[in-house]
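So the structure is just underneath, and the comments pick up after that.
The values are calculated or read from the model by the stated rules, or taken from the named source; none is laboratory data. Treat the numbers as computed from the prediction; the structure is a model and nothing was measured. Positions of Cβ are backbone-derived with ideal geometry, glycine not excepted, and every protein chain shown enters the neighbour counts. Please note that ligands, DNA and RNA were not included when accessible areas were found on the heavy atoms of the full protein model with its side chains. Shrake-Rupley method; radii C 1.70, N 1.55, O 1.52, S 1.80 Å.
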Amino acid sequence: MELDIQCEEMSPSRWAELLSTMKSCKTIRLDDCNLSSSSCEDLCSIINMNPSLTELKLNNNELGDEGIEYLCKGLLMPSCSLQKLWLQNCNLTSASCETLRSVLSAQPSLTELHVGDNKLGTAGVKVLCQGMMNPNCKLQKLQLEYCELTADIVEPLNAALQSKPTLKELSLSNNTLGDTAVKQLCWGLVEASCNLELLHLENCGITSDSCREISAVLSNKSSLLDLSVGDNKIGDSGLALLCQGLMHPNCKIQKLWLWDCDLTSASCKDLSRLISTKETLTEISLIDNNLRDSGMEMLCQALKDPKSKLQELWVRECGLTTACCKAVSSTLSVNKHLKVLHIGENKLGDAGVELMCEGLLHPNCNIQSLWLGNCDLTAACCATLATVMATKQCLTELDLSYNSLEDEGIRKICEALRNPSCNVQQLILYDIFWSSEVDDELRALEESKPEVKIIS
């Protein structure tokens, strides 16, 4: 049995009711429920009396160090078999880390620890690393985003990695590490016996200077499937170094996030070679890079290669215009693998989307999720979009937010939603003006087709 509640203010009577339910739950998720340290006393008892509990998710609650102290008393009980613990944004400090270290050292069932967005600091996470080095610790996933870590964390972290062959996922995003620390971390990862599958280093102060070392991890760790280095100023020169590792036969990367990395169209030659030859690659994010139409055209050519197996392409806010849409359309008419296309916040215009729809309507196209928010669209392209919606049963998600569609355009979209052949389940329409009459039509449509979710 699962208990999954979010964003609910807990009255004493409601909390007492839930506590009774929790005694038999395998999973308890209580994100954003205004829980406090006193709630953790009750949860300690639940952990103690419910040996079937394997997942506890308490993100975005003001538990504080005192709350974690109570919680960990339950986690240290011999009857506890918890596997996944989520404590993101719970107002924890380094003081909580000693208690959590005890849990890591004593509880071999615990395989996931998510403590991001807490002010643990380098000193606190050093203590966690001591717990990881205990032979009893079998941690597989460690999430430390926004923990106010500095370069000094790398030495104890590398020591923990050396002793922890079970670790598969490590997220250190949004910490001020810098190139020197990232280089040290990469040397440690190459030498470590762990089969790391996920490495997230977004917004860590990385430049092209440490990309050679990240590339070495890619070429040495065939287990690495998911790499995110978004929001780092690696530039075209850094991307070229990364591609050396990405193109290595040992590299089996599946998901690559390079958003806001100061890339230009010059990087698209290397990226195109990667997309057209690395058959394991299924998802790439290039959001907020100045690729321009010339860069997008190169990517489109690569996507037409039969060896390309890419399923998700994120190119939002990449300086694209109507000029690249013929190439996009041609790709959509050939590529059978692409399922998700995020191309919003580009000045495609009605003419560009009309061109894209030619490809979307092709029998080869299998797009399921299409994001066209803030693309300078008007009602003029909505009839063609409606045809796509009514014709392509594979299309289940469409985002048209921040476009001036007005009543005329929204009515055409509504007409398509009413079509029995339309399979769109989620329509996103943020910040679009329409009249109260059209609003009534949208509400009526939701009532008549409850499987459709209109988000506005």
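What the table below lists for this structure:
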{"quantity": "Among the candidates THR27, THR111, residue that is touching a residue at least 40 places away in the same chain (Cβ under 8 Å), open to solvent by less than 60 Å² (accessible area, probe 1.4 Å) and of a type in the set (S, T, N, Q)", "calculated": "THR111"}
{"quantity": "Selected residue [over 24 Å from GLU145 (Cβ atoms) and either touching a Pro at 6+ places or on another chain (Cβ under 6 Å) or open to solvent by 60 Å² or more (accessible area, probe 1.4 Å) (or both)] from GLU41, GLU62, GLU8", "calculated": "GLU41"}
{"quantity": "Out of LEU157, LEU170, sole residue that is open to solvent by less than 10 Å² (accessible area, probe 1.4 Å), in contact with a strand residue (DSSP E or B) (Cβ under 8 Å, 6 or more places away or on another chain) and not in a loop (DSSP other than H, G, I, E, B)", "calculated": "LEU170"}
{"quantity": "So SER223, is it touching a helix residue (DSSP H, G or I) at 6+ places or on another chain (Cβ under 8 Å) and not basic (Lys, Arg)", "calculated": "no"}
{"quantity": "Any chance SER369 is out of contact with any Lys or Arg (no Cβ under 8 Å at 6 or more places or on another chain) and either open to solvent by less than 50 Å² (accessible area, probe 1.4 Å) or not aliphatic (A, V, I, L, M) (or both)", "calculated": "no"}
{"quantity": "Odd one out for GLN130, checked against (1) open to solvent by 60 Å² or more (accessible area, probe 1.4 Å); (2) part of a loop (DSSP other than H, G, I, E, B)", "calculated": "(2)"}
{"quantity": "Residue pairs meeting the criteria (Cβ under 6 Å; at least 6 apart or on separate chains; first under 18 Å from MET356 (Cβ atoms), in the stretch 275-296; second part of a strand (DSSP E or B))", "calculated": "ASP293/THR321"}
{"quantity": "Looking only at the stretch 183-197, and only at residues there that are aliphatic (A, V, I, L, M) and surrounded by 18 or more Cβ atoms within 10 Å (Cβ to Cβ), the one that is nearest to ASP152 (Cα to Cα)", "calculated": "LEU185"}
{"quantity": "Matching residues, the stretch 77-111, being charged (D, E, K, R) and over 20 Å from LYS23 (Cα atoms)", "calculated": "GLU98, ARG101"}
{"quantity": "Residue list for the stretch 88-118, restricted to those being part of a loop (DSSP other than H, G, I, E, B) and under 18 Å from the mean Cα position of the chain (by Cα)", "calculated": "GLN88, ASN89, VAL115, GLY116, ASP117"}
{"quantity": "Total residues in the stretch 201-259, condition in contact (Cβ under 8 Å) with a residue 12 or more places away in the chain and either assigned to a loop (DSSP other than H, G, I, E, B) or among the aromatic types (Phe, Trp, Tyr) (or both)", "calculated": "26"}
{"quantity": "Residue list for the stretch 185-226, filter: of a type in the set (Gly, Ala, Ser) and under 21 Å from the mean Cα position of the chain (by Cα)", "calculated": "GLY205, SER223"}
{"quantity": "Residue identified as in a strand (DSSP E or B), closer than 24 Å to GLU317 by Cα and modelled with pLDDT of 95 or more among LEU395, LEU370", "calculated": "LEU370"}
{"quantity": "Options GLY344, GLY319; residue that is under 25 Å from HIS362 (Cα atoms), touching a Lys or Arg at 6+ places or on another chain (Cβ under 8 Å) and among the small types (Gly, Ala, Ser)", "calculated": "GLY344"}
{"quantity": "Close pairs from the stretch 143-157: first closer than 10 Å to THR122 by Cβ, partner surrounded by fewer than 18 Cβ atoms within 10 Å (Cβ to Cβ) and basic (Lys, Arg), Cβ under 6 Å, at least 6 apart", "calculated": "GLU148/LYS119"}
{"quantity": "Residues that are outside any helix (DSSP H, G or I), within 18 Å of ASP399 (Cα to Cα) and open to solvent by less than 50 Å² (accessible area, probe 1.4 Å), drawn from the stretch 436-456", "calculated": "VAL452, ILE454, ILE455"}
{"quantity": "Flag for GLU397 being within 20 Å of the chain's Cα centre (by Cα), of a type in the set (Asp, Glu) and surrounded by fewer than 18 Cβ atoms within 10 Å (Cβ to Cβ)", "calculated": "yes"}
{"quantity": "ASN195 vs. criteria within 22 Å of CYS251 (Cα to Cα) and in a loop (DSSP other than H, G, I, E, B)", "calculated": "yes"}
